[in-house]
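Note sheet for the following structure.
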Amino acid sequence: MSQSTSRSPIDVESLVENFNYRRVGKYALVVLFLGFFLVPLETGIMTALKTNSAIARSLPFAPPAGEGFTLTNLEYAFSQLTNSFVNSLLMAVPATLLNVLLASMAAYGLTMVSWRGQLVVFALFLVGVFVPYQAVLVPLAQFWNNMFPLAQMLEPLFAAIPFLQGGHSRLVPLTITHVAYGIPICTVLFRSYYKSLPNSLVEAAKIDGASITKIYRRIVLPLSLPMFGVVFIYQFTQIYNEFLFSFTLITGANHPAAPVTLILPAIGSSTEGIDFGVRMSAAFLAALPTIILYVAFAEQFAKGLRTESG
């Protein structure tokens, strides 16, 4: 004997009243922004995996199918960028480490140590932040090529190092230039972070007889780790992607010390036209170091931003 079950009718009116238009609007806006940023990325990846004929006859965002799929673009781009990857890392990693360390010490001296002329020195750092690259290119070339040819002095030393050539000595003045140009902005970032730290810890250490350097090593430096992540990511990205200084001091893509930014514009170009698959592959490969850095330091980066904003 079947038993009928009673079903309560759907109250459409209450559903409409409880419908949150604001929440739906927020989610729609999020989806819109995701599409705005991810569709060009997906289009680039699909282009990198297509043959030239597939690129010509298919939509840019359509995935490759059948014989239109290829990994040759990635293989060719990687072979062209291998040496420039090494050059960029040889320049960017030491320059970033020196930038972060020196800027941290400078910000500590400008924030937690009182001395005469402090504001004047900080004003000079602020001025250094706003000096445009284009304004120093000619003096920079004159200094490193004529007044103090450091690359020529170090060329015999680099020629004696295995896996390197004498021309790699040009990476040394380029690294020093990035350090000098990056210290002002990094110092300003660290100073804003140190202004938010409690002075009670530093004052207690002074009462206990700790020196200025000991306070920095034992107290300030451990508390600065989140900000180190933020500044390291920011400065590495700036140095790795920089073009003007590299073009001025390295002078061309055919130089053995040419970084990625000098090699990348020439990849995929020929008298027959532009090979978009190879160029997209090279662009994504060139972006890998910065992507890996952001993923590796994501937690420190977010923590540093929260601490600075708080």
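The figures follow:
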{"quantity": "Index of the failed condition, Asn87 passing every other in (1) out of contact with any Lys or Arg (no Cβ under 6 Å at 6 or more places or on another chain); (2) of a type outside the set (A, V, I, L, M, F, W, C); (3) modelled with pLDDT under 90", "calculated": "(3)"}
{"quantity": "Check on Tyr194, closer than 24 Å to Thr213 by Cβ and either touching a strand residue (DSSP E or B) at 6+ places or on another chain (Cβ under 7 Å) or of a type in the set (Phe, Trp, Tyr) (or both)", "calculated": "yes"}
{"quantity": "Residue list for segment 164-175, restricted to those being in contact (Cβ under 8 Å) with a residue 12 or more places away in the chain and either outside any helix (DSSP H, G or I) or within 18 Å of the chain's Cα centre (by Cα) (or both)", "calculated": "Gln165, Leu174, Thr175"}
{"quantity": "One residue from Ile185, Ile215, Ile219 being β-branched (Val, Ile, Thr), within 23 Å of the chain's Cα centre (by Cα) and either closer than 28 Å to Tyr108 by Cβ or assigned by TED's automatic domain parsing to the domain that holds Met112 (or both)", "calculated": "Ile185"}
{"quantity": "Tally of residues being closer than 12 Å to Tyr240 by Cβ and not small (Gly, Ala, Ser) across segment 87-123", "calculated": "6"}
{"quantity": "Complete set of residues in segment 52-78 that are in contact with a strand residue (DSSP E or B) (Cβ under 8 Å, 6 or more places away or on another chain), of a type in the set (Ser, Thr, Tyr) and modelled with pLDDT under 90", "calculated": "Ser58"}
{"quantity": "Where Leu49 falls short, out of the listed (1) touching a strand residue (DSSP E or B) at 6+ places or on another chain (Cβ under 7 Å); (2) closer than 30 Å to Leu249 by Cβ; (3) not hydroxyl-bearing (Ser, Thr, Tyr)", "calculated": "(2)"}
{"quantity": "Out of Leu157, Leu225, sole residue that is exposed (fewer than 14 other Cβ atoms within 10 Å of the Cβ), of a type in the set (A, V, I, L, M) and without any contact (Cβ under 8 Å) to a residue 24 or more places away in the chain", "calculated": "Leu157"}
{"quantity": "Tyr240 being aromatic (Phe, Trp, Tyr), closer than 30 Å to Leu49 by Cβ and under 17 Å from the mean Cα position of the chain (by Cα)", "calculated": "yes"}
{"quantity": "Hits in segment 185-210 - residues which are part of a helix (DSSP H, G or I), free of Cβ contacts under 8 Å to residues at least 12 places away in the same chain and of a type in the set (D, E, K, R)", "calculated": "Glu203, Lys206"}
{"quantity": "Test: residue in segment 239-251 that is outside any helix (DSSP H, G or I), at pLDDT 90 or above and aromatic (Phe, Trp, Tyr)", "calculated": "yes"}
{"quantity": "Matching option when the condition is polar (S, T, N, Q) and surrounded by 15 or more Cβ atoms within 10 Å (Cβ to Cβ), among Gln142, Gln235, Gln134", "calculated": "Gln235"}
{"quantity": "Qualifying positions in segment 59-109 - crowded, with 20+ Cβ neighbours inside 10 Å and within 30 Å of Pro222 (Cβ to Cβ)", "calculated": "Met91, Ala92, Ala95, Thr96, Asn99, Val100, Ala103, Ser104, Ala106, Ala107, Tyr108"}
{"quantity": "Pro173 being in contact with a Phe, Trp or Tyr (Cβ under 8 Å, 6 or more places away or on another chain), more than 25 Å from Val86 (Cα to Cα) and assigned by TED's automatic domain parsing to the domain that holds Val93", "calculated": "no"}
{"quantity": "Filter pass, Leu164 being modelled with pLDDT under 90 and farther than 30 Å from Arg218 by Cα", "calculated": "yes"}
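The rows are residues; the columns are (1) free of Cβ contacts under 8 Å to residues at least 24 places away in the same chain; (2) part of a helix (DSSP H, G or I).
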residue	(1), (2)
Ser104	no, yes
Ala107	no, yes
Trp115	yes, no
Val120	yes, yes
Gly128	no, yes
Leu137	no, yes
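Quick grid of which residues meet (1) surrounded by fewer than 22 Cβ atoms within 10 Å (Cβ to Cβ); (2) under 28 Å from Thr175 (Cβ atoms); (3) outside the structural domain of Phe61 (by TED's automatic domain parsing):
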{"position": "Thr251", "(1), (2), (3)": "yes, yes, yes"}
{"position": "Asn254", "(1), (2), (3)": "yes, yes, yes"}
{"position": "Ala258", "(1), (2), (3)": "no, yes, yes"}
{"position": "Ala266", "(1), (2), (3)": "yes, yes, yes"}
{"position": "Gly273", "(1), (2), (3)": "yes, no, yes"}
{"position": "Ala283", "(1), (2), (3)": "yes, yes, yes"}
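The values are calculated or read from the model by the stated rules, or taken from the named source; none is laboratory data. Nothing here was measured: the structure is a model prediction, and the numbers come from that model. Using ideal geometry, Cβ is built from the backbone for each residue, glycine included, and neighbour counts are taken over all protein chains shown.
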